[in-house]
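First the structure, in the form of structure tokens, and then the observations on it.
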Amino acid sequence: MTKMTAGQIIKTFEKWAPKSFAYDWDNVGLQVGSLNKPVENVMVTLDVVESVVDEAVEKKVDLIIAHHPLLFVKLHQINVDTPKGRVVQKLIKHDITVYAAHTNLDVAEGGVNDVMADLLEVKDRRPLIPTETDKLIKLAVFVPDSHLEVVRDAVSGAGAGFIGDYSHCTYQVSGEGTFKPQEGTNPFIGEQDRLEQVQEKRLETIVPQEKLSEVLQAMESAHPYEEAAYDLYPLLNEGRTLGIGRVGQLEEPVSLKDFADKVKERFHVSHVRVAGNMEKTIKTVALLGGSGEKYIYKAKRSGADVYVTGDMTFHMTQDAVEMGLNVIDPGHHVEKVVCAKVQQYLEEHCNENGALKVLLSEVDTEPFAIQ
């Protein structure tokens, strides 16, 4: 069985969480190693600390995909007498490639914040801090009647035709196409130097600009003609709004106390820090994986009754409570919940021939303990 390279795996992964989604201050992407390395075992982890690298060495891991960047703070030297230097040295010595998906995985649909929202059953959600809106392109392709369904399914499978929660959204109209194959052609229909008239469908659909290359490749692979005829039109319609964090609704209102218990249970943590009136009714929830205290004002303006985020400090929490925003801090480490989703994605999209083994790190990288 042919092994995928680290670069091929990452290219597939970035169809879900493109690096372009990341904040410009973030260091996502390749951290250590080679993208050309053949990969048999990949391990998913929240953090790349020395105990995780030791685990990777023991399990013969070729590629580590982490949420938190190993090289988040710029290195001015690699001193192997320091903890960070030892980690880098060990990775290079054992030929382990490391890749990080940080804020791009926060922004991505189905990423960190959506996994957290799913666990807390937060519905009808939107980004807490919008970062960008999809640019949309209309694709109109002319297809012989016999291949309409094949082409439609191909472009839809590559990411075209999504409007809200509906997929495979297309429009088609019948017409007659004409063409004359020239010398050197090998036409699917007709003969060289003879004008052909063919019953065709004009198939129209909508494509996010970031997926245009994949959609066109899928369309051309499925289309029977040597030269597919198609048009592209830039649209003024707004596509998906992407961003950090989520705001949404609970199906039924609950007290802050009961919701805090749910956060603790669903995120599998021993405790949460709660600030606010424990009897307060909670209906609208804002959440943000990782460190989110600087966004308390965004959470308040969103209409949230409670804000779930990590690393809240004393004075910022006081400010939140003073302006009527309840706070639940389950810790930064709860972002670990996304690791199983990354594992699932890689198994579904990178393991068609069964040559790739996707592991979850078993090392607990939570630095805090409660005595």
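The values are calculated or read from the model by the stated rules, or taken from the named source; none is laboratory data. Predicted model, so just to flag it, every value in this text is computed and none were measured. Backbone-built Cβ (ideal geometry, glycine too); neighbour counts: all protein chains shown. Heads up: the accessible areas ignore ligands, DNA and RNA and are worked out on the full protein's heavy atoms, side chains in. Shrake-Rupley method; radii C 1.70, N 1.55, O 1.52, S 1.80 Å.
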Q: Would you point out the residue of region 142-151, among those that are in contact with a helix residue (DSSP H, G or I) (Cβ under 9 Å, 6 or more places away or on another chain) and open to solvent by 20 Å² or more (accessible area, probe 1.4 Å), that is farthest from LYS15 (Cα to Cα)?
A: HIS147
Q) Mind checking which pairs have a first residue in region 30-49 that is more than 17 Å from ALA17 (Cβ to Cβ) and a second that is among the acidic types (Asp, Glu) and surrounded by 21 or more Cβ atoms within 10 Å (Cβ to Cβ), Cβ under 7 Å, 6 or more apart or different chains? A) LYS37/ASP62; VAL39/ASP62; GLU40/ASP62; ASN41/ASP62
Q | Considering residues of region 107-119 that are open to solvent by 10 Å² or more (accessible area, probe 1.4 Å) and either of a type in the set (D, E, K, R) or under 8 Å from the mean Cα position of the chain (by Cα) (or both) only, the residue nearest to TYR23 (Cα to Cα) | A | GLU109
Q. Does ILE129 fit the bill of being buried (at least 21 other Cβ atoms within 10 Å of the Cβ) and either over 30 Å from ASP62 (Cα atoms) or touching a helix residue (DSSP H, G or I) at 6+ places or on another chain (Cβ under 8 Å) (or both)?
A. no
Q: Take GLU279 and decide whether it is outside any strand (DSSP E or B), farther than 20 Å from LEU105 by Cα, in contact (Cβ under 8 Å) with a residue 12 or more places away in the chain and of a type in the set (Asp, Glu).
A: yes
Q. If we keep just the residues of region 1-52 that are among the small types (Gly, Ala, Ser) and out of contact with any Leu (no Cβ under 7 Å at 6 or more places or on another chain), which is nearest to HIS349 (Cα to Cα)?
A. GLY29
Q | Count - residues of region 327-359 that are part of a strand (DSSP E or B) and either surrounded by fewer than 13 Cβ atoms within 10 Å (Cβ to Cβ) or within 18 Å of the chain's Cα centre (by Cα) (or both) | A | 1
Q: Looking only at region 280-292, count how many residues are touching a helix residue (DSSP H, G or I) at 6+ places or on another chain (Cβ under 7 Å) and open to solvent by 70 Å² or more (accessible area, probe 1.4 Å).
A: 1
**Q.** Of all residues making up region 15-33, the number that are under 21 Å from SER361 (Cβ atoms) and either open to solvent by 10 Å² or more (accessible area, probe 1.4 Å) or among the aliphatic types (A, V, I, L, M) (or both)
**A.** 8
**Q.** Residue check, LYS93 out of contact with any strand residue (DSSP E or B) (no Cβ under 8 Å at 6 or more places or on another chain) and among the basic types (Lys, Arg)
**A.** yes
**Q.** Of all residues in region 83-98 being outside any helix (DSSP H, G or I) and touching a helix residue (DSSP H, G or I) at 6+ places or on another chain (Cβ under 7 Å), the one that is nearest to VAL44 (Cα to Cα)
**A.** VAL98
(Q) Considering only residues that are in a strand (DSSP E or B), β-branched (Val, Ile, Thr), touching a residue at least 24 places away in the same chain (Cβ under 8 Å) and within 19 Å of GLU226 (Cα to Cα), which ones fall in region 143-189? (A) VAL143
Q: Identify all residues within region 66-82 that are assigned to a loop (DSSP other than H, G, I, E, B), open to solvent by less than 90 Å² (accessible area, probe 1.4 Å) and touching a strand residue (DSSP E or B) at 6+ places or on another chain (Cβ under 9 Å); write none if there are none.
A: HIS67, HIS68, PRO69, LEU70, LEU71
Q) What number of residues in region 165-209 are within 19 Å of LEU235 (Cα to Cα), open to solvent by less than 70 Å² (accessible area, probe 1.4 Å) and not hydroxyl-bearing (Ser, Thr, Tyr)? A) 7
Q | Subset of region 223-269 (residues that are assigned to a loop (DSSP other than H, G, I, E, B) and surrounded by 17 or more Cβ atoms within 10 Å (Cβ to Cβ)) | A | HIS223, TYR225, GLY239, PHE267
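Going through TYR307, TYR295 one at a time, which residue ends up being of a type in the set (Phe, Trp, Tyr), part of a strand (DSSP E or B) and open to solvent by less than 70 Å² (accessible area, probe 1.4 Å)?
Step by step, each of TYR307, TYR295 is checked, and only TYR307 is of a type in the set (Phe, Trp, Tyr), part of a strand (DSSP E or B) and open to solvent by less than 70 Å² (accessible area, probe 1.4 Å).
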